[in-house]
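Colleague: My questions will all concern the structure given below.
The values are calculated or read from the model by the stated rules, or taken from the named source; none is laboratory data. All figures in this text were calculated on a predicted structure; none of them were measured in a lab. FYI the Cβ positions are ideal-geometry reconstructions off the backbone, even for glycines, and counts take in every protein chain you see.
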Amino acid sequence: MKVNLATTRVTLEENSRIAEEVKALGHEFKLLDLLKFEYAIRGGEITVEPIDDLPDVLILRGIFNNIKGISAHVEGLKKRGVRIFDNNFLEHKYSINKISDLIKLTGSGILVPDSFHLHDFEKFAGASYELGYPVVVKLTRTGKGAGVYKFDDENALNEFIMKVEENGGEAKSYLLQKFIDYEYDLRVLIIGERIFCMRRIPSEGEFRANFSLGGSVEKFDLSQEDKKLAQRALQAVGLEVGGVDLLIAQDGKRYVLEVNHTAGMVGMEAATGKNITKVYVEYAIKNAI
């Protein structure tokens with residue numbers, strides 16, 4: 001069987017792991033850079049480079065650019081008989097949209113940190129006063145801890161805003177949230193019915209606990225209650241596969257921080273010692289339609 005992985009992030013370590021596991025299962029593998037796709041229409045026929053031979057299965061993962069064009073092309077491949085595993089990307093038309101996901105989570109009765117999405121930086125001071133310092137400011141369309149900042153007071157926040165405005169940034173590109181004083185920062189990776197969990201521990205001097213930012217990880221035994229919460233969160237945003245960031249606060253409350261549509265697997269493998277990428281590949285091939 002010919003299996004292609006198509007992404008706009010070809011440098012992710014997970015791509016190499018997926019290639020290893022696809023080949024270990026006896027299939028042919030090819031990595032496609034969606035940012036380099038070129039199209040031609042000749043006599044009513046569409047050809048696409050670098051696809052010179054249609055795969056049996058196409059796995060879509062990490063689509064962050066040219067959403068509409070990629071969606072149209074993938075729909076065309078489906079009509080030509082290629083089985084697609086897209087983790088509902090074609091339905092959502094996004095891989096990262098923290099605002100949409102927070103609205104879906106809240107609408108499903110899932111507790112998230114108090115949040116503001118504002119279109120004017122002048123409103124940040126009042127919103128931050130309501131939230132109480134420290135506050136967290138994050139870009140709405142980045143992952144792996146990038147573009148996430150914590151501010152302990154109004155002066156620090158104002159300095160950040162001035163720098164953003166000097167560089168042409170807009171308030172609507174950011175999300176303002178209450179900082180949760182947590183006891184545990186957990187990443188719950190769900191692949192169909194399989195659930196894996198790790199505790200994420202920030203490196204010294206860093207409040208973000210992302211493995212990709214140098215944080216350490218360890219296996220964590222998730223309670224049945226928290227497993228159900230993570231599954232509800234994944235269902236709320238309409239995914240089959242995803243990483244649920246779960247904070248257990250000092251007062252025992254459970255907050256879903258966000259749901260990652262393109263969750264990393266390398267850190268979870270390091271924490272659990274399990275071949276999670278194989279689970280993902282087998283699931284993707286089986287559920288491609």
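Colleague: Restricting the stretch 1-38 to residues that are assigned to a loop (DSSP other than H, G, I, E, B) and either basic (Lys, Arg) or within 19 Å of the chain's Cα centre (by Cα) (or both), which is nearest to GLY264 (Cα to Cα)?
Modeller: For the stretch 1-38, the residue satisfying everything is LEU12.
Colleague: Go through the stretch 170-185 and give me each residue that's surrounded by 15 or more Cβ atoms within 10 Å (Cβ to Cβ) and part of a loop (DSSP other than H, G, I, E, B).
Modeller: PHE179, ILE180
Colleague: Cβ-Cβ under 8 Å, sequence separation 6+ or interchain: first residue in the stretch 146-172 and touching a residue at least 12 places away in the same chain (Cβ under 8 Å) and assigned by TED's automatic domain parsing to the domain that holds PHE121, partner surrounded by 11 or more Cβ atoms within 10 Å (Cβ to Cβ) and among the charged types (D, E, K, R). Which pairs?
Modeller: Listed by first residue and then by second, the contacts come to VAL148/LYS138; VAL148/ARG208; TYR149/LYS138; ALA171/LYS123.
Colleague: Any idea which residue in the stretch 138-159 is nearest to GLU13 (Cα to Cα), counting only those that are surrounded by fewer than 17 Cβ atoms within 10 Å (Cβ to Cβ) and among the hydrophobic types (A, V, I, L, M, F, W, C)?
Modeller: Here the answer is ALA146.
Colleague: Out of (1) closer than 25 Å to THR106 by Cβ; (2) in contact with a strand residue (DSSP E or B) (Cβ under 8 Å, 6 or more places away or on another chain); (3) crowded, with 20+ Cβ neighbours inside 10 Å, the odd one out for THR262 is which?
Modeller: Tallying (1) closer than 25 Å to THR106 by Cβ; (2) in contact with a strand residue (DSSP E or B) (Cβ under 8 Å, 6 or more places away or on another chain); (3) crowded, with 20+ Cβ neighbours inside 10 Å, THR262 fails exactly one: (2).
Colleague: Looking at the stretch 223-289, what helices (runs of 4 or more DSSP H) fall wholly within it and have at least 2 residues that are in the same structural domain as ILE195 (by TED's automatic domain parsing) and closer than 23 Å to PRO202 by Cβ?
Modeller: 224-237
Colleague: Within the stretch 93-122, track down each residue that is of a type in the set (Val, Ile, Thr) and either surrounded by 15 or more Cβ atoms within 10 Å (Cβ to Cβ) or without any contact (Cβ under 8 Å) to a residue 40 or more places away in the chain (or both).
Modeller: ILE96, ILE103, THR106, ILE110, VAL112
Colleague: Go through (1) surrounded by fewer than 20 Cβ atoms within 10 Å (Cβ to Cβ); (2) modelled with pLDDT under 95 one by one and return the number of the condition ARG208 breaks.
Modeller: (1)
Colleague: Okay, moving on. Looking at the stretch 39-92, which of the residues that are of a type in the set (D, E, K, R) and closer than 24 Å to MET265 by Cβ is surrounded by the most Cβ atoms within 10 Å (Cβ to Cβ)?
Modeller: ARG61
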